[in-house]
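Report on one structure; see the data block that follows.
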Amino acid sequence: KASTLGTAIISVSGGTLNMSGLSSTIGTAAVPIDTLSLTDARLSMPAFSGSPSAVVTTLNIDGTADTLSVSSAPGLGQFQLIAYTSLNGTFDFSLGTLPPGFQGYISNNISSSSVDLVITNVLIKTDTWRGNISGNWDTSTANWISSGNPSTYQQGDVVVFDDTLTGTANVTLTTTLIP
């Protein structure tokens, strides 16, 4: 919906709405989606700091099991996922998946008229490559330094390659890695 003209309705019944990009949003405060109706739906969306992923005038949920997964999050805190003007139905969202290393929950923020993600814990750490043991980038070799201590890489960790190298500069990716 590019303007306030016309009506925009999104209905998901027994299906999935996957908002996959880091800039993926539906609706804005100036031009909201008129109605988002969910029945046994699965939504996947990124969380942003300062703005919701979806802005709707009316959020219709019928009390069936709707699942909300979050593909990316900016860190600790509370983030609006869906901002609504009116909520019709019984709040029924359950939390699906979060990005690796994140822990939290979904909340109906009645005072802000929004469905929020609350991130309570982030287990992600920053690993700086040293290559002291070998050139293998895997999840079991302590070729990294984190907080000044030898460390192994875990999926989702932030990685740094800089000129503080003390071992090998040649890096071999031994598996699929998701930094």
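A few remarks follow.
- Taking the inverse of the mean reciprocal distance over all distinct Cα pairs, the Kirkwood hydrodynamic radius of segment 1-102 comes to 13.9 Å.
- Accessible area (Å², per residue) of segment 1-51, counting only protein heavy atoms and a probe of 1.4 Å: 54
- Sorted largest first, the principal axis extents computed over the alpha-carbon atoms of the chain equal 61, 31, 29 Å.
- Per residue accessible area of segment 75-170, 1.4 Å probe, in Å²: 50
The values are calculated or read from the model by the stated rules, or taken from the named source; none is laboratory data. Note that the structure is predicted; figures quoted are calculated from it, not measured. Surface accessibility is based on the protein's heavy atoms, side chains included, excluding ligands, DNA and RNA. Shrake-Rupley method; radii C 1.70, N 1.55, O 1.52, S 1.80 Å.
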